[in-house]
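Have a look at the structure below, then the notes.
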Amino acid sequence: MTNNLNNTLRNNPRNNLRNNLSNKSGDKPRVLVLLAAGINRDKDAQDAFTLAGAEAERVHINDIADGTKHLADYQILMLPGGFSFGDDIASGKVLANKLKYKLKDDLLQFIADGKLILGVCNGFQVMVKLGMLPGIDGDYMRQDVTLTNNDSGKFEDRWVNLKVNPESKCVFTRGIEKGIYVPICHGEGKFIPRDDEVLTRLQENGQVVVRYVDETGEFGTYPVNPNGSVAHIAGICDETGRIFGMMPHPENYIQRTQHPNWTRKDLPDEGDGLAIFKNAVEYVKREL
Amino acid sequence: MWRIEVALRAGITDAHGNAVRKQIIEDLLIDVESVQSLNIYTIDANFTQKQVISIAKDLLTDPITQVVKINESFKRPFSVAIEVGYKPGVTDNVAATAIEGIEDLLGIKFPEDGSVHTSKLYLITGSVTRDDAEKICVGLLANPLIEHYQIWQTGDDIQATVKKVTALSRSTKFDPKVAEVDLDVSDEELLEISRKGVLSLNLAEMRIIRDYFKDERVKAEREKVGLSTRPTDIELEMLAQTWSEHCKHKIFNATIEYTEGEKTEKIESLFKTYIRKATEEIAKKKDWLVSVFVDNAGVVDFDGEHNMVFKVETHNHPSALDPYGGAVTGIVGVNRDPMGTGIGAELIFNTDVFCFGPPDFPYEQLPASVLHPKRIFKGVRKGVEDGGNKIGIPTVNGAILFDEAYVYNPLVYCGTGGLMKKEINGKPSHVKTVNPGDLIVMVGGRIGKDGIHGATFSSVALDEGTSSAAVQIGAPIVQRKMQDALREAREMDLYRAITDNGAGGLSSSVGEMSEFCGGCEVDLEKAPTKYAGLQPWELWVSESQERMTVAVPPEKIDAFMDLCRRRDVEATVIGTFANTGKVHVKYDKKTVLYLDMDFVHEGLPGLELTATWRPTLEQEPEYAADGHTEDLTNDLTNDITKELNDALMNILGSFNVCSKEWVIRQYDHEVQGGSVVKPLVGMANDGPSDASVIRPLVSSKRGIVVSNGINPKYGEIDTYRMAASAIDEAVRNIVAVGGDPERVAILDNFCWGNPILSEANPDGDHKLAQLVRATKGCYDTAVGLGTPFISGKDSFHNEYRLENRTIAIPPTLLISAMGVIGDVEKAVTMDAKKAGDIVYVLGETHDELGGSHFYMLSGVKGNRVPKVDTNEALALYKSLHTAIEKGLVASCHDCSEGGIAVAAAESAFAGGLGMMIDISKTPASEATEGVRVLFSESNSRFIVTVSPENAQAFEAAMAGRTFAAVGEVTQEGRFTATGHGGTALIDASIDELKEAFKAPLRW
């Protein structure tokens, strides 16, 4: 895989140029933040990865499809939040289809190369509609779970507590022992697996990564579980732990002053969400 | 034609259906058992069965939660079934996305003559009659102006088919027609031409237009381009748009003879005399104004490297007719103002202020043609959600006011702020230049019949027969795509100038940009349309959304067009800017419009108006010495504490003061990651914030503070003090969270009735006098506080004609403010922080209950509206700001509606703490005690809590200002206020107070 990457870089003068620039700024992992019609948390994701020590670039999906940019030049793919194609028909569906019909091979190669993919909110919705998550048996194009309308029937912006599953193999949440406090901003975040078998499999496989809890770490009903997700699931990963999607927004709690109670509390400068991006950056530095 | 029905699988919660059921029961009082919602897609295109199966299964259905049927119905049981879809020609965003999805899926181009239409099918069970179903349609599910519906009853076979939209298909042939209009007619006929054409031009204006076309030079020049001596319809339309109240602010620029008592004065333009003058005065002392009153939005410095941009618009009439569509277009419309300022700003926040009728307004008092306030509220809220959330701009600030005066004319103010680097590609970003020879490019959406006559329509009163042509649905994603592409184009230096297509459409945007170079030549047939059948004049003035006009130098056009193509954004060259002194428009090579630039932009005669101030004296209640509100209530109890507890609860629970959490949570205020002081703050994230602080650059601690001030209740008594109060409120909200009082820029937004005296409008002169007094108040207060106006907007004719009555809104002035905070980590929130902290009241309390919420409880207005002493206020703000910057303030809450009682109670329960205050210690002017101190709404005051160890330093920082320690934050959850001699005035649990505050709008 390293050979492939090098070949691609060598054969493309634009990439050589960027490669040089990248070398100048140290060996920062490169993140492709995907842009498409209606994606709107691209800057937030870029800021989070930048603070975490990566070099994050916003790239339009059409620039990948037409070969202006190459997915292979990056180690992390970020599918940010937003309302791709207005959430029309169903959230994430139309962008999922675009990825499927325009970038399938690139994506599968990216996954095969052992790289990382993170999807947040609409990005997570895209991943499950595509089948990239949960990616059961390594099939990344079969939909086994979905994210649908919140039980409340409403879009909601509210902060939630998440408990990280210590058994999970997710590389993004490694070492996060205390909970994560982050906002949700969505109308279609209710997680539903196809059936009990899928749910059991996700649980047994350590693919359930984060779950909604109250401030004491206990499960609860609305608003603790803000959307009615089955088994309180807020985020899942694939079988390798390198592909991760979640509904809440870790990129919106990377600095102290984003916390809704920061004027009442002694809080560290770094927000809870930043650890997820730092883990990704460290993984790339260590493994890729 | 294929009909695809998508339903939820058994056992999957139907959140949408449940929400509809709840609304039918709660809002329409019709008892229904269950509501199921199904999505219907009607595809009119020549696809094979196999293709349609793929579309149904791989695009339109979620395999986990949904099932699908093609050309047959699910046959699930129902008492009534209702199908609702958009009428032909109305923007159907889901259908547009479905077409794109089908193209991806099948790898084909969607047939040019095909179409997709979406609708919703509701299966309702319970004892619901056909009449009920009709009520559900008209009252909740469908707006007959833009939607059609069909009803079935048990046993009916659901076979809905959508009317085929052949007349509007883009491939349909049509003959463009340009009519000539004979203006050589009587005055009556001139007025008739104006009225019939919704031109909103008065007789003087019609005469000037007539005379222009009689001019020999004009005649000769027109002959050369093949035009007769008569104006064409498109020429008349352009003049009407450009000269509209909306575009030219004729009332604000009129010469006014103003009489107040014995005194009469002549005012040459309220705008120049009071609004712009205030800014000019202030600009002598402030160096941070960059571009004011000249562009689509005002521009001020942020940090020496960036400028901040801010604009607030109104979208009242469209929101009255179609609350959802009106609000979406209000938001996406005002987004385009900062986007079209200078060479374009990044959009960083939205703010919305609404005035509605009371949500519990009796249905039986509502005329059939008026939507219920609750429905308007919900529709507008949904529109803002879709407009703001989908485009990805945080909604950080706002207000919602309720009053019966807004039942017929709701007000919808939408504002957007932006940020731009001061220099982009080595050029100042706030400056527009256009060179002759630059190409005129229209970018974004296509033109349709929607939104024709928006500019002139806003200048007429609504009535029972108002048409829907001025209403449209926004397409936020189309705009977001355009916004992203234009950002790239800006960074690549691919265009020279940009402006938005709002009121007046191309006629305004191209007309205005032509002023930078002196003319233009347009080939109108090139403008892309949503469907065939648009006449040249319609193309020229249509206000279809999501469009910008840019000036692209010829050498950059290929790169510009290529970029747009690669971003799936439509861009079309429709002409060339020129220096001919003419606006020259052709259609299929034939000249259809040929007007002198000078005439279009300078030919409008000024209005001459009269204004007479006729104040009314209201009842002013008196109090007994013990604080009893004797003349306010007849069923007087002797328990003053209970009475005042109830008063406080009732004010906290009034629609105006109560928690707007239900609305706020449905707006995304986190997107872009800059949120520092959120709209909801405090221990449980449910206290009402005074202003929002955002941090636009992740790498800098400098922040932007956003707030507003509005109080139409004061305006009913005195608009001078209303204006002063609104400015003071906006500024003190900024100061309350830590903003610098010397860096506040403000926007004025006037919504009024018709202020032009006529037989049909006998108190027009008084309404104009109210406007005069308001602008005088604006001038004095803005200059006094040093807060320049940087942009503004006015909306007159907020009136409704019902049979023989005209119902006007009360004069309503919104002041929106944008300030700077040097270090966001110094920001302060309104929630009390710790038991033992000392409670201070800052500022003097006067006997000013006129227009107060306390009086409102008894249906009394009073006379003594709060005034503003700008010297005192500014000095207080500076001292408080210093104290906040030094970190001495634990919490700070603005004192406004409901006075000290409400502000202190909110601070306590938002902090989850109790509070004891002794109001006899409050600094108050003579004769102001007891109940008046508790509830007076005097301006320029705050409730502040300070930890004991900071008290001395805080008091030192406030030295010389009016303030006093009045109590303490306590651990026990009670809020108590005592008066002279320790009389208990209020004693209530904070949980009860909070519940009173949160209950009314918990929908």
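The values are calculated or read from the model by the stated rules, or taken from the named source; none is laboratory data. Being a predicted model, the structure only gives us computed values, none of them experimental. Using ideal geometry, Cβ is built from the backbone for each residue, glycine included, and neighbour counts are taken over all protein chains shown.
Exactly one residue out of A:Arg142, A:Arg174 is surrounded by fewer than 23 Cβ atoms within 10 Å (Cβ to Cβ), within 15 Å of the chain's Cα centre (by Cα) and more than 24 Å from A:Pro260 (Cα to Cα): that is A:Arg174. Checked across the stretch B:722-737, the condition of being in a loop (DSSP other than H, G, I, E, B), at pLDDT 95 or above and either on the phi > 0 side of the Ramachandran plot or surrounded by fewer than 24 Cβ atoms within 10 Å (Cβ to Cβ) (or both) holds for no residue.
Considering the stretch B:498-527 alone, what residues qualify as being part of a loop (DSSP other than H, G, I, E, B) and touching a Gly at 6+ places or on another chain (Cβ under 9 Å)? Lay out the reasoning, then the answer.
Keep residues of the stretch B:498-527 that are part of a loop (DSSP other than H, G, I, E, B), which gives B:501-504, B:515-519, B:527.
Passing the criteria: B:Asn501, B:Gly502, B:Ala503, B:Gly504, B:Cys517, B:Gly518, B:Gly519.
If the condition is being assigned to a loop (DSSP other than H, G, I, E, B) and surrounded by fewer than 19 Cβ atoms within 10 Å (Cβ to Cβ), then the stretch B:59-69 contributes only B:Pro63.
Considering every residue within the stretch A:216-228, establish whether at least one is surrounded by 21 or more Cβ atoms within 10 Å (Cβ to Cβ), part of a loop (DSSP other than H, G, I, E, B) and within 17 Å of the chain's Cα centre (by Cα). No, because not a single residue in the stretch A:216-228 is surrounded by 21 or more Cβ atoms within 10 Å (Cβ to Cβ), part of a loop (DSSP other than H, G, I, E, B) and within 17 Å of the chain's Cα centre (by Cα).
Just one of the listed residues (B:Leu419, B:Leu401, B:Leu439) is at pLDDT 85 or above, surrounded by fewer than 24 Cβ atoms within 10 Å (Cβ to Cβ), within 14 Å of chain A (Cβ to nearest Cβ) and touching a Phe, Trp or Tyr at 6+ places or on another chain (Cβ under 8 Å), and it is B:Leu419. Within the stretch B:94-108, is there a residue that is among the hydroxyl-bearing types (Ser, Thr, Tyr), away from chain A (no Cβ under 14 Å) and outside any loop (DSSP other than H, G, I, E, B)? Checking the stretch B:94-108: not a single residue is among the hydroxyl-bearing types (Ser, Thr, Tyr), away from chain A (no Cβ under 14 Å) and outside any loop (DSSP other than H, G, I, E, B). Being hydroxyl-bearing (Ser, Thr, Tyr) and in contact with a Phe, Trp or Tyr (Cβ under 6 Å, 6 or more places away or on another chain) is true of B:Ser725.
When we screen B:Pro323, B:Pro359 for residues that are in contact with a Phe, Trp or Tyr (Cβ under 7 Å, 6 or more places away or on another chain) and either closer than 29 Å to B:Lys713 by Cβ or not assigned by TED's automatic domain parsing to the domain that holds B:Val657 (or both), the only hit is B:Pro359. Surrounded by fewer than 18 Cβ atoms within 10 Å (Cβ to Cβ) and within 14 Å of chain A (Cβ to nearest Cβ), is that true of B:Glu72? Against the criterion (surrounded by fewer than 18 Cβ atoms within 10 Å (Cβ to Cβ) and within 14 Å of chain A (Cβ to nearest Cβ)), B:Glu72 does not qualify. A search for C-beta distances below 6 Å between a residue of the stretch A:170-190 that is touching a residue at least 24 places away in the same chain (Cβ under 8 Å) and any residue that is in a loop (DSSP other than H, G, I, E, B) and small (Gly, Ala, Ser), counting only pairs 6+ apart in sequence or on different chains, returns A:Cys170/A:Gly241; A:Val171/A:Gly241; A:Val182/A:Gly273; A:Glu188/A:Ser91; A:Lys190/A:Gly228; A:Lys190/A:Ser229. Listed by position, the strands (runs of 3 or more DSSP E) inside the stretch A:106-192 whose residues that are away from chain B (no Cβ under 14 Å) and either modelled with pLDDT of 95 or more or within 26 Å of B:Leu8 (Cβ to Cβ) (or both) number at least 3 are A:116-120, A:156-164.
Just checking, does the stretch B:903-924 include any residue being in contact (Cβ under 8 Å) with a residue 24 or more places away in the chain, touching a Lys or Arg at 6+ places or on another chain (Cβ under 7 Å) and hydrophobic (A, V, I, L, M, F, W, C)? Give the derivation first.
At the first step, the residues of the stretch B:903-924 found to be in contact (Cβ under 8 Å) with a residue 24 or more places away in the chain are B:903-924.
Add one more test, that the residue is touching a Lys or Arg at 6+ places or on another chain (Cβ under 7 Å), and what stays is B:909, B:911, B:914.
Still in the running and hydrophobic (A, V, I, L, M, F, W, C): B:909.
Yes, there is a match, as at least one residue in the stretch B:903-924 is in contact (Cβ under 8 Å) with a residue 24 or more places away in the chain, touching a Lys or Arg at 6+ places or on another chain (Cβ under 7 Å) and hydrophobic (A, V, I, L, M, F, W, C).
Quick grid of which residues meet (1) modelled with pLDDT under 95; (2) surrounded by fewer than 23 Cβ atoms within 10 Å (Cβ to Cβ); (3) in a helix (DSSP H, G or I):
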| residue | (1), (2), (3) |
| --- | --- |
| B:Gly533 | yes, yes, no |
| B:Trp537 | yes, no, yes |
| B:Glu543 | yes, no, no |
| B:Thr549 | no, no, no |
| B:Asp558 | no, yes, yes |
| B:Asp562 | no, yes, yes |
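Return yes when B:Phe377 is away from every other protein chain (no Cβ under 14 Å), buried (at least 24 other Cβ atoms within 10 Å of the Cβ), farther than 28 Å from B:Glu491 by Cβ and under 16 Å from the mean Cα position of the chain (by Cα) and no when it is not.
Yes, satisfied.
Of the residues making up the stretch B:679-702, those that are surrounded by fewer than 24 Cβ atoms within 10 Å (Cβ to Cβ), under 23 Å from B:Gly653 (Cβ atoms) and either within 8 Å of chain A (Cβ to nearest Cβ) or modelled with pLDDT under 95 (or both) are B:Leu680, B:Met683, B:Asn685.
Rundown of residues vs (1) buried (at least 24 other Cβ atoms within 10 Å of the Cβ); (2) more than 17 Å from B:Arg565 (Cβ to Cβ); (3) not polar (S, T, N, Q), yes/no style:
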{"site": "B:Ala475", "(1), (2), (3)": "yes, yes, yes"}
{"site": "B:Val478", "(1), (2), (3)": "yes, no, yes"}
{"site": "B:Arg487", "(1), (2), (3)": "no, no, yes"}
{"site": "B:Glu491", "(1), (2), (3)": "no, yes, yes"}
{"site": "B:Ile498", "(1), (2), (3)": "yes, yes, yes"}
{"site": "B:Gly502", "(1), (2), (3)": "yes, yes, yes"}
{"site": "B:Gly505", "(1), (2), (3)": "yes, yes, yes"}
{"site": "B:Glu515", "(1), (2), (3)": "no, yes, yes"}
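Report yes if some residue within the stretch B:749-770 is buried (at least 24 other Cβ atoms within 10 Å of the Cβ), at pLDDT 95 or above and farther than 24 Å from B:Ala405 by Cα; otherwise report no. No.
Taken as a whole, the structure places B:Ser654 among residues that are assigned to a loop (DSSP other than H, G, I, E, B) and in contact with a His (Cβ under 9 Å, 6 or more places away or on another chain). Can you find, within the stretch B:247-266, the residue that is surrounded by the most Cβ atoms within 10 Å (Cβ to Cβ) among those that are of a type in the set (Val, Ile, Thr) and in contact with a helix residue (DSSP H, G or I) (Cβ under 8 Å, 6 or more places away or on another chain)? The qualifying residue surrounded by the most Cβ atoms within 10 Å (Cβ to Cβ) is B:Ile256. The residues of the stretch B:344-375 that are among the β-branched types (Val, Ile, Thr) and modelled with pLDDT under 95 amount to a single one, B:Val370. Residues that are under 30 Å from B:Ser37 (Cβ atoms), facing chain B (nearest Cβ under 8 Å) and touching a strand residue (DSSP E or B) at 6+ places or on another chain (Cβ under 7 Å) within the stretch A:47-100 comprise A:Gly81, A:Gly82, listed in sequence order. Annotation for the stretch B:264-279: at least one member residue is out of contact with any strand residue (DSSP E or B) (no Cβ under 9 Å at 6 or more places or on another chain) and part of a helix (DSSP H, G or I).
Assigned to a strand (DSSP E or B) and among the polar types (S, T, N, Q): is that true of B:Ser127 in this structure?
No, not satisfied.
Flag not set for B:Val443, criterion: in contact (Cβ under 8 Å) with a residue 24 or more places away in the chain, in a strand (DSSP E or B) and touching a His at 6+ places or on another chain (Cβ under 6 Å).
Annotation: of all residues in the stretch B:346-373 being closer than 15 Å to B:Ala142 by Cα and either among the hydroxyl-bearing types (Ser, Thr, Tyr) or touching a Pro at 6+ places or on another chain (Cβ under 9 Å) (or both), the one that is surrounded by the most Cβ atoms within 10 Å (Cβ to Cβ) is B:Leu371.
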